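The values are calculated or read from the model by the stated rules, or taken from the named source; none is laboratory data. This is a predicted model, so every value here is computed, not measured. Reconstructed Cβ throughout: ideal geometry from the backbone, glycine too, with neighbour counts over all protein chains shown. The protein model used for the area step is the full one, side chains on, heavy atoms only, and it has no ligands, DNA or RNA in it. Shrake-Rupley method; radii C 1.70, N 1.55, O 1.52, S 1.80 Å.
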Amino acid sequence: MPGKDELFYTKKSTYDIIKEDEVEGAYAYCEEYKHYLDKGKTERECVAQAIALAEKEGFKPFERGMDLPPGTKLYMDTAGKSLILAVIGKAPLSKGMNIAATHIDSPRLDLKQVPLYEDGDMAFFKTHYYGGIRKYQWVALPLALHGTLVKKDGQSVDIVIGEDEGDPVFMVTDLLPHLSKDQDKKTLGEAFTGENLNILIGSRPDGADKDAEKEKDRVKLTVMKILNEKYGIVEEDFLSAEVEAVPAMRASDVGFDRSMIGAYGHDDRSCSFAALRALLDLEVPEKTAVCVLSDKEEIGSEGITGMQSAAFDYFVEELCSAGGSLLRDCYRGSFCLSMDVCNAFDPNFADVSEKLNGAKLGYGLGVMKFSGSRGKSGSSDATAEDVAMLRSLFAESGVTWQMAELGKVDQGGGGTVAKFLANRNIPTIDAGVPVLSMHAPYEIVSKLDCYMAYKGIKALFSK
Ligand code: MN
Ligand code: MN
């Protein structure tokens with residue numbers, strides 16, 4: 001008769017499963033991940049960084065008519081904001097692909113299209129937040145500006161201000177506690193409004209000799225003069241710009257034991273880096289391996305750069321037709337890990353989680369059979385067969401993992417790109433790195449969980 005150990009499902013910390021040298025390897029992997037975080041705070045920067053890394057490993061931009069023997073390494077970007085990479089496998093595409101689908105956009109404050117104004121002898125940028133943020137977290141915090149302005153003649157100007165030592169930073173101001181009597185009575189949602197998230201960018205009036213009564217917008221003029229001198233832009237160029245205010249902090253180890261990483265954008269760079277690294281480290285796979293770094297997940301995966309875009313179908317169909325395979329056969333034979341972060345159990349907010357099914361920090365990759373909200377609404381809900389396949393794959397490959405669910409039933413919810421793959425008739429399951437303080441300007445993950453995401457994707461690609 002089997003004993004308790006065989007009969008019961010018990011979760012174990014990865015530290016109690018893997019050996020010391022693997023822990024060291026995982027920590028070393030995380031050094032590269034931290035570098036990726038610091039160099040890629042926007043979707044454009046992640047795409048540029050991924051292409052640079054991929055080209056070093058022999059990846060080439062896809063072109064119709066290319067020879068595609070097994071081992072060919074390809075990529076296709078869309079608008080410089082989303083990227084699909086593939087390593088052609090030995091089997092024809094009609095047998096399907098192994099896919100890791102991730103996203104590279106993160107919640108932030110986008111500048112409005114007419115952002116610049118002056119008030120109270122200070123200059124500000126107006127913002128429109130992107131993705132699900134808790135607005136109170138974005139005040140009194142050093143911000144950096146990253147973005148691209150495209151001039152009328154089509155010329156692009158890339159800016160990154162606030163990241164280098166000695167760079168100025170920017171900030172949304174907050175109310176002092178001495179005068180917060182009225183604000184304190186409001187709910188969190190009412191006390192901090194989107195329209196109030198204005199970024200302070202200057203306070204020095206242009207031309208000290210000018211008549212302050214007659215000359216308006218002298219601080220704004222100082223700012224515009226600096227921007228014009230440095231970047232050759234005028235105010236109108238913001239109309240056709242994508243400038244994102246992101247936390248100016250760098251990725252750091254967290255804890256005396258350095259077991260965690262604090263950074264902006266673990267959602268979903270912990271998974272997108274894992275997928276990218278796993279693909280770059282791949283030899284010639286049996287089935288074609290595909291890594292998707294998609295954009296717009298945080299706002300519904302819409303548009304040409306989102307996971308719903310036909311750009312994905314275009315790329316795969318091109319590969320299929322080059323080898324005489326049908327796209328629908330390829331999708332049907334494929335498998336997708338929808339790699340996105342999940343919530344890590346936080347004892348400080350224990351009442352939103354359900355302990356049996358919540359992911360724990362350091363317990364390995366979190367696998368979610370379903371996401372969604374209320375009665376699993378909006379989730380593609382993977383099949384038992386697909387979960388079983390993963391159980392077996394991860395056991396064979398030494399991947400530590402845990403079953404995860406976002407939180408208590410009816411506490412809230414959320415979705416991922418999973419359903420957009422699954423709707424294409426691709427068997428898909430959600431998995432990802434458990435995160436503390438998800439969507440906050442600084443999120444926390446466990447180093448071992450990050451590494452297990454990489455190891456899990458590599459196991460799928462090598463299947
Ligand atoms: Mn995500
Ligand atoms: Mn998210």
Please state which one of 64, 108 is within 16 Å of ligand 1 (Cβ to nearest atom) and not aliphatic (A, V, I, L, M). 108
Of all residues being in contact with a strand residue (DSSP E or B) (Cβ under 8 Å, 6 or more places away or on another chain) and open to solvent by 30 Å² or more (accessible area, probe 1.4 Å) in region 331-348, which is nearest to residue 314 (Cα to Cα)? Just the residue, please. 343
Only unsatisfied item for residue 247, checking (1) of a type outside the set (Val, Ile, Thr); (2) at pLDDT 95 or above; (3) out of contact with any strand residue (DSSP E or B) (no Cβ under 6 Å at 6 or more places or on another chain); (4) surrounded by fewer than 17 Cβ atoms within 10 Å (Cβ to Cβ), is (4)
Among (1) over 23 Å from residue 296 (Cβ atoms); (2) assigned to a helix (DSSP H, G or I), the one test that residue 2 misses: (2)
Taking helices (runs of 4 or more DSSP H) that do not extend beyond region 263-377, which have at least 1 residues that are over 30 Å from residue 68 (Cα atoms) and within 16 Å of ligand 2 (Cβ to nearest atom)? 266-280
Odd one out for residue 156, checked against (1) open to solvent by 80 Å² or more (accessible area, probe 1.4 Å); (2) closer than 27 Å to residue 79 by Cβ: (1)
Criterion violated by residue 351 - all others in (1) more than 24 Å from residue 23 (Cβ to Cβ); (2) of a type outside the set (A, V, I, L, M, F, W, C); (3) surrounded by 15 or more Cβ atoms within 10 Å (Cβ to Cβ) satisfied: (3)
Tell me which residues, restricted to region 49-62, are touching a helix residue (DSSP H, G or I) at 6+ places or on another chain (Cβ under 9 Å) and outside any strand (DSSP E or B). 49, 50, 53, 54, 56, 57, 59, 62
Within region 72-92, the residues that are outside any strand (DSSP E or B) and not basic (Lys, Arg) are 72, 79, 80, 88, 89, 91, 92
Just to verify a result, which residue in region 389-419, among those that are part of a strand (DSSP E or B) and away from ligand 1 (no atom under 16 Å from the Cβ), is least open to solvent (accessible area, probe 1.4 Å)? 402
Count - residues of region 438-463 that are assigned to a loop (DSSP other than H, G, I, E, B) and either without any contact (Cβ under 8 Å) to a residue 40 or more places away in the chain or among the charged types (D, E, K, R) (or both): 1
Look at region 73-125 and say how many of its residues are polar (S, T, N, Q) and surrounded by fewer than 20 Cβ atoms within 10 Å (Cβ to Cβ). 2
Residues in region 93-134 that are touching a residue at least 60 places away in the same chain (Cβ under 8 Å), more than 16 Å from ligand 2 (Cβ to nearest atom) and not in a strand (DSSP E or B) total 5
Need a quick list: strands (runs of 3 or more DSSP E) entirely within region 136-253 having at least 3 residues that are of a type in the set (Ser, Thr, Tyr) and within 15 Å of residue 126 (Cα to Cα). none
Give the number of residues within region 352-384 that are more than 16 Å from ligand 1 (Cβ to nearest atom) and touching a residue at least 24 places away in the same chain (Cβ under 8 Å). 15
Out of curiosity, is residue 114 in contact with an Asp or Glu (Cβ under 7 Å, 6 or more places away or on another chain) and away from ligand 1 (no atom under 16 Å from the Cβ)? no
Note on residue 205: of the conditions (1) open to solvent by 40 Å² or more (accessible area, probe 1.4 Å); (2) more than 23 Å from the chain's Cα centre (by Cα); (3) closer than 19 Å to residue 44 by Cβ, unmet is (3)
Specify the residue that is nearest to ligand 1 (Cβ to nearest atom); the eligible residues are those in region 442-463 that are open to solvent by 10 Å² or more (accessible area, probe 1.4 Å) and more than 20 Å from residue 347 (Cβ to Cβ). 454
If residue 373 satisfies all but one of (1) surrounded by fewer than 19 Cβ atoms within 10 Å (Cβ to Cβ); (2) under 23 Å from the mean Cα position of the chain (by Cα); (3) among the polar types (S, T, N, Q); (4) within 20 Å of residue 291 (Cα to Cα), what's the number of the condition it fails? (4)
For region 179-191, does any single residue satisfy the condition of being under 30 Å from residue 240 (Cβ atoms) and either open to solvent by less than 80 Å² (accessible area, probe 1.4 Å) or of a type outside the set (Gly, Ala, Ser) (or both)? no
